[in-house]
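These notes are about the structure you will find just below.
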Amino acid sequence: SGATGNFTTATVNFNNISGNTTNLSVYNAAYSGPTVAGDGILNASGNWWGTDDPGAITGLLGAIDYTPILKNGDTDGGAVGFGADKSEVIVHLLGEQSGGVGRIQEGIDMVEGSTVYLTAGTFNEGPQIVIDKDVNVIGAGVGNTIVVPTGDTTSSGDGRGWWLVNPGNEFNLSDLTL
């Protein structure tokens with residue numbers, strides 16, 4: 001509170017936002033510029049909404065980026081405060097997308113530990129997805145989750161790989177169509 005100035009995006013990550021019944025959005029009374037794609041997007045990626053079902057959250061939202069969501073809630077077992085469990089995240093196609101990376105890359109970058117789950121749908125991702133940690137990426141079934149490159153990769157070096165797995169990292173990809 002008390003923030004002033006012109007802005008069009010706010011970020012709220014790794015919180016417990018469960019139990020809300022009204023819309024969440026960015027409102028900046030000082031901004032009077034034109035409305036363009038990306039204006040007023042609340043980046044609420046990586047929060048716990050009280051559910052791991054992205055569709056159940058949609059009715060609470062305005063212009064909001066809420067992918068990925070946390071699959072599990074609190075890690076601290078009732079201690080004071082909220083400890084976001086980043087071991088598993090769910091990447092979906094609902095809502096806005098803010099920032100400079102795709103939805104799947106954002107999930108891979110966010111997860112700490114094990115698994116990125118992709119919901120059903122077609123994800124346009126890339127031109128390169130970088131794997132820089134041990135991670136599993138699991139779709140909702142072959143033919144249900146489809147990942148399509150957004151462009152060509154380069155013709156030499158590390159840029160050649162659509163899914164680039166950096167040395168020393170274990171990567172498992174399953175239950176989706178490329």
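The values are calculated or read from the model by the stated rules, or taken from the named source; none is laboratory data. None of these values were measured; they are calculated from a predicted model. Cβ: placed from backbone, ideal geometry, glycine included. Neighbour counts: every protein chain shown. Heavy atoms of the whole protein, side chains included, go into the accessibility calculation; ligands, DNA and RNA do not. Shrake-Rupley method; radii C 1.70, N 1.55, O 1.52, S 1.80 Å.
Pairs linking a residue in the range 94-108 that is over 15 Å from residue 139 (Cβ atoms) and at pLDDT below 85 to a residue that is open to solvent by 50 Å² or more (accessible area, probe 1.4 Å) and not hydroxyl-bearing (Ser, Thr, Tyr), with Cβ atoms under 9 Å and 6 or more positions apart or on different chains, are 96/37.
The sole residue among 76, 158, 175 that is touching a Gly at 6+ places or on another chain (Cβ under 7 Å), at pLDDT below 85 and either open to solvent by 40 Å² or more (accessible area, probe 1.4 Å) or of a type outside the set (S, T, N, Q) (or both) is 76.
In the range 156-176 there is at least one residue that is among the β-branched types (Val, Ile, Thr) and more than 22 Å from residue 50 (Cα to Cα). Between 148, 89, the distinction of being assigned to a strand (DSSP E or B), surrounded by 14 or more Cβ atoms within 10 Å (Cβ to Cβ) and touching a residue at least 12 places away in the same chain (Cβ under 8 Å) belongs to 89 only. Residue 37 falls short on exactly one of the conditions (1) at pLDDT 60 or above; (2) within 22 Å of residue 102 (Cβ to Cβ), and that condition is (1). Checked against (1) surrounded by fewer than 16 Cβ atoms within 10 Å (Cβ to Cβ); (2) farther than 22 Å from residue 47 by Cβ, residue 126 meets all criteria but (1).
The residue that is farthest from residue 65 (Cα to Cα), counting only those in the range 93-147 that are among the acidic types (Asp, Glu) and touching a strand residue (DSSP E or B) at 6+ places or on another chain (Cβ under 8 Å), is 134.
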